[in-house]
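Contents: one structure, followed by commentary.
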């Protein structure tokens, strides 16, 4: 019999308490236990970035993090990025620039772009290339993805000029620790599987 460890993690603003095996990855916890299938299962060795999530505000490959390592932490998946059913500047820019293509890598690309813009609101093209270097696109749509992130950065800068820090963070889609997402805003993956 396998020992189960209790963990408690805030996922997309909602406290989740479960028991997991010691070898259960964060990706398995999100997809299998919570039904959040936006983070894609692909290489399982941290090479592709399809499973990228934010763990305590830091971009990580969820296939390389054990679920028990996230105990007491806060995870934001692609499902938790767009609060209140509104697209973030990054998500809208991806649509505007045709960056989605097949869509498989896009959740990880979007999460990485959010992490990049939270750390650097005015990235250069080289900054974007470096910030997304851990995310592979099998469709080779890198140009559209880079253009989308740069466009989102421009919109983010405009929002910065018009708003305060909290409003700027919400406009870019960065998690605001003072605001908890509505758990009902998390899509039901059983109805719309990814």
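A short reminder: the numbers here are calculations on the coordinates, not readings from a lab. Keep in mind the model is a prediction, meaning the values are calculated, not measured. Every residue, glycine as well, gets a Cβ built from its backbone with ideal geometry; the counts of neighbours run over all protein chains shown.
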Checklist entry - According to a simple spin-label model (label point 7 Å from Cα along Cα-to-Cβ), what is the distance in nm between residue 4 and residue 130? => result 4.5
Item to check | Descending semi-axes in Å of segment 5-81, equivalent ellipsoid built from Cα gyration tensor | outcome: 17, 14, 11
Checklist entry - Points 7 angstrom from Cα along the Cβ direction at residue 21 and residue 95: gap in nanometres? => result 4.0
Next on the checklist: Can you give the FRET efficiency to the nearest 0.05 for residue 139 and residue 56, using r as the Cβ-Cβ distance and R₀ = 35 Å?
Outcome noted: 0.70
Checklist entry - Pulled fully out, how much extra length does the chain show between residue 43 and residue 71, if you take 0.36 nm times their separation in residues and subtract their Cα-Cα distance? => result 7.7 nm
Checklist entry - Rounded if a/c is under 1.5, else prolate if a/b beats b/c, else oblate: with a ≥ b ≥ c from the C-alpha gyration tensor eigenvalues square-rooted, which is segment 86-172? => result prolate
